[in-house]
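J.: Structure provided below as structure tokens; questions to follow.
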Amino acid sequence: MIELPDLVAGALAAGTLSALALLGAGLLSSRRQRALQREEITALRDRLDPAQAELAAEVEHLAGRRIPAAARQLTHPRVAVPGPAQPQFIGSPIGIALESVLTSVRSELGAQRTRVDAAAQAGMRGATREIQAALYRLQDALRSLQQRYDEPELAQTLFMLDHENEQSLRRAQVAAVVCGAWVGLAREESHLVEAVTGGQARLAGYHRVRVNNHLEAGTALVSHAVEPVAVIVAELLDNALRHSASDTDVVVNLEHVHHGACVTVDDAGLGMTQDERDHARRMVAGSDPILLTDLGDPPRMGFAAIGRLTRQFDLGVDVSSPSPYGGVRAVLRIDSHLLSRIDPEQRPPAAGAPRSTRRAPEPARTPAPTHSYGSESEERAVADASGHQPVPDAGGLPRRRRRTPVGAPTPQTAPEAPQPERRPEQAAAALGALQSGTAAARAASEGAGASVADETAAHDRHETDYEGGAAR
């Protein structure tokens, strides 16, 4: 008979053996699973390593090529931004994430660039305001000296200094306009041709500009449009003079159009390429924001200033057409609401401004009164034969005029001599001659007042010579 303790010990031994067997089976199973897991991890690692390398290469491509190209595209729109280097990223979550990074970088770069440029424009605007004020003070001082002194050589020197100061003032004014400042001057209503010649006078090569005025006499600009038109014309002429040979002329035509007037500038330069023409057209349109970094180094501000002014004052400039002389044609359009009229008789344009080629309508002539005797042909025959012209008096009877020398034109038929255009240097020479004559007359007057007796004696002594000189 087996005793209870032996049974318990046997059961325990059997349980222990079964437990050990189960534990061994579990260990074997877990070992197999770990081996399988290691194999899977190794396979995944083998697959992940190339993917990581591809992703790293794509990020390097984004940082090294795509972002710099996007930054350059902000200033050079024709620069192309490359796409992903790995085709499998196109449209994938990783590719979409990288495109989002590129968009964010481009947006932030544009915002920072705008803020930096605005700060630069504010600084330049303040500086140019001070420079303009100083140049205006210098201009006033030079003109007061021109009025004070009569020496012709000094007057010519002051004129040259005033012209140099005018050119410096134009450059400062253009820089201020590009930076968002006001045009700087408020003028009264002026003849349109005066605004054009005023812009011409601000340039070093003004003598190469030939202005043809085909406007109706009295065509003028409203007050707030005078200075903008002068600035725009000066910049268009400066561009034409810079890009054409020094022995060629720049032709300006002023003409009426259906909705206002046009100022056309033609040069005989090399013209512009299509890219340059497109850039100039965008600049003068004034629709895009103007940044100093877009204007080159050194910045070329002429077209940018024109764009600012055309947008502010509702003007139009077109530079898309070639000139018939081989260069560039620039057309400034001035709408009717910016035009006014000035009576050319009461307030004629400046003496140096080209006169209009349009003839004013002649007043209607009243017919000569008829006579109760003879005929008009008989009176003309009498006048031709005797040299007298019969003119009826108040009582209806003819009276004789003084004999007119044969071949001498009468005041009614004498052709009016054309007035030559006066250059600025001719105006300065005339001013110097006038001042010299004034000084000589003043000196003669002072000498005459010193001794009345000597003057009387000298007059008696040289009376015959004086009369002979006057006759000559």
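J.: Taking Cα centroids, how far is segment 19-60 from segment 282-351 in Å?
T.: About 75 Å separates the Cα centre of segment 19-60 from the one of segment 282-351.
J.: Can you work out the Karplus-derived ³J(HN,Hα) for every residue in segment 303-315? Use 6.51 cos²θ - 1.76 cosθ + 1.60 with θ = phi - 60°, whole Hz, and x for glycine or proline.
T.: 5, 5, 5, 4, x, 4, 6, 5, 6, 6, 10, 6, 9
J.: Let me ask you something else. What does the C-alpha gyration tensor say about the overall shape of segment 144-245? Classify as rounded when a/c is under 1.5, otherwise prolate if a/b is larger than b/c, or oblate.
T.: It is rounded, given that a/c, with a ≥ b ≥ c, falls under 1.5.
J.: Using θ = phi - 60° and the Karplus relation 6.51 cos²θ - 1.76 cosθ + 1.60, list the HN-Hα couplings for segment 154-167 in order, rounded to whole Hz, with x at every Gly or Pro.
T.: Values per residue, Gly and Pro as x: 5, 5, 5, 5, 5, 5, 5, 5, 5, 5, 5, 5, 5, 5 Hz.
J.: Taking the Cα-to-Cβ direction at residue 297 and at residue 52 and moving 7 Å from each Cα, how far apart do the two end points lie in nm?
T.: 4.2 nm
J.: Sticking with this structure for a sec: Tell me the per residue accessible area of segment 1-156 using a 1.4 Å probe; a whole number in Å² is fine. Before the final figure, lay out the partial values.
T.: Values: 11200 Å² over 156 residues.
Result: 72 Å² per residue.
J.: While we're on this one: Take every Cα-Cα pair in segment 66-202 and report what % of them are more than 24 Å apart.
T.: Percentage above 24 Å: 58.
J.: Please list the non-local residues whose amide H lies under 5 Å from the amide H of residue 321, H modeled 1.01 Å from N, same-chain partners needing a gap of 5 or more.
T.: Answer set, sorted by chain and number: 329.
J.: While we're here: For a bin width of 10 Å, list the pair-distance distribution of segment 67-115 built from all Cα-Cα distances, rounded to whole %.
T.: 26, 48, 23, 3
J.: If you take the square roots of the eigenvalues of the alpha-carbon gyration tensor of segment 241-342 and sort them as a ≥ b ≥ c, do you get rounded (a/c under 1.5), prolate (a/b over b/c) or oblate? Don't skip to the answer; put the middle values down first.
T.: Numbers: a/c = 2.06, a/b = 1.12, b/c = 1.84.
Oblate is the answer for segment 241-342, as a/c is 1.5 or above yet b/c matches or exceeds a/b.
J.: What would the Debye equation give as log₁₀ I(q)/I(0) for segment 102-148 at q = 0.17 Å⁻¹, counting only Cα atoms as equal point scatterers?
T.: -0.64
J.: Another question about this same structure. If the only charges are +1 at each Lys and Arg Cβ and -1 at each Asp and Glu Cβ, what is the size of the charge dipole of segment 237-285 around the Cα centre, to the nearest 20 debye?
T.: Dipole of segment 237-285, to the nearest 20 debye: 220 debye.
J.: Something else now. Quick one: 3J(HN,Hα) in Hz for segment 352-357, Karplus 6.51/-1.76/1.60 with θ = phi - 60°, rounded, Gly and Pro as x.
T.: Residue by residue, segment 352-357 yields x, 6, x, 6, 5, 7 Hz.
J.: Could I have the simple spin-label model distance between residue 281 and residue 148, label points 7 Å from Cα toward Cβ, reported in nm to one decimal?
T.: About 5.4 nm separates the two model spin labels.
J.: Using only C-alpha atoms and all pairs of different ones, pull out the Kirkwood radius for segment 198-301 in Å with one decimal.
T.: On the way: mean 1/r = 0.0648 Å⁻¹.
Result for segment 198-301 stands at 15.4 Å.
J.: For segment 168-239, what is the accessible area per residue in Å², given a 1.4 Å probe and the full set of protein chains? Write down the numbers at each step before the final one.
T.: Numbers: 2140 Å² over 72 residues.
So segment 168-239 comes to 30 Å² accessible per residue, rounded to a whole number.
J.: Moving on. Quick check for me: using +1 on Lys/Arg Cβ and -1 on Asp/Glu Cβ, what's the dipole size of segment 182-321 about its Cα centre, in debye to the nearest 20?
T.: 180 debye
J.: Using a 1.4 angstrom probe on heavy atoms only, work out the carbon and sulfur share of the accessible area of segment 211-315 in %. Display every interim value, and only then the final one.
T.: Details: 2250 of 4450 Å².
Taking all protein chains in place, segment 211-315 shows 51 percent carbon and sulfur surface.
The values are calculated or read from the model by the stated rules, or taken from the named source; none is laboratory data. Quick caveat, the model's predicted, so the values are computed rather than measured. Neighbour counts run over all protein chains shown; Cβ positions are idealised from the backbone, glycine included. Just the protein is used for accessible areas: all its heavy atoms, side chains included, with ligands, DNA and RNA removed. Shrake-Rupley method; radii C 1.70, N 1.55, O 1.52, S 1.80 Å.
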